[in-house]
Amino acid sequence: MTSAFDTINRSKLIDFCETFLEEDEIRIIRDLLSNTSLELLCGQTLKTIPTLVGSPQGDGLSPTLFIIYLEAALKEVRASIQINSQSCHMLTMLTSFSASLQKQKTITT
């Protein structure tokens, strides 16, 4: 089972943080998220795999970073819904306009 902390897209998190944090704070977050790895025991062999997503487990800042990431994701969803809503509204208006043109054509012919 995947933990929510394991799904964080680090570059999106940094991009979002850059909109409201200062440069030193961004540097600290970058340092926290860089050079992380996961150790897997395969039989008798311990393998180290670099990680490129997620935030480090057990770090005190990770829950806060997850909340920030979640807020960024929700903003994207809200923007997408708003765009789709506007598109549907425009499509409805165009459909209505097209129907009225068809009625006028029928009346004049």
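For segment 24-65, the solvent-accessible area of protein heavy atoms averages 73 Å² per residue (probe radius 1.4 Å; ligands and nucleic acids excluded). For segment 4-90, a simple Cβ point-charge model (Lys and Arg +1, Asp and Glu -1, everything else neutral) yields a dipole of about 360 debye relative to the Cα centre. Rounded to the nearest 20 debye, the dipole magnitude of segment 1-50 is 360 debye, with +1 charges on Lys and Arg beta carbons, -1 on Asp and Glu beta carbons, and the Cα centre as origin. A Förster distance of 41 Å, applied to the separation of the beta-carbon atoms of Thr19 and Thr45, puts the FRET efficiency at 0.40. If R0 is taken as 22 Å, the Cβ-Cβ distance between Glu76 and Asp31 corresponds to a FRET efficiency of 0.30.
The values are calculated or read from the model by the stated rules, or taken from the named source; none is laboratory data. Predicted model only: the values in this text are computed from it and were never measured. Reconstructed Cβ throughout: ideal geometry from the backbone, glycine too, with neighbour counts over all protein chains shown. Just the protein is used for accessible areas: all its heavy atoms, side chains included, with ligands, DNA and RNA removed. Shrake-Rupley method; radii C 1.70, N 1.55, O 1.52, S 1.80 Å.
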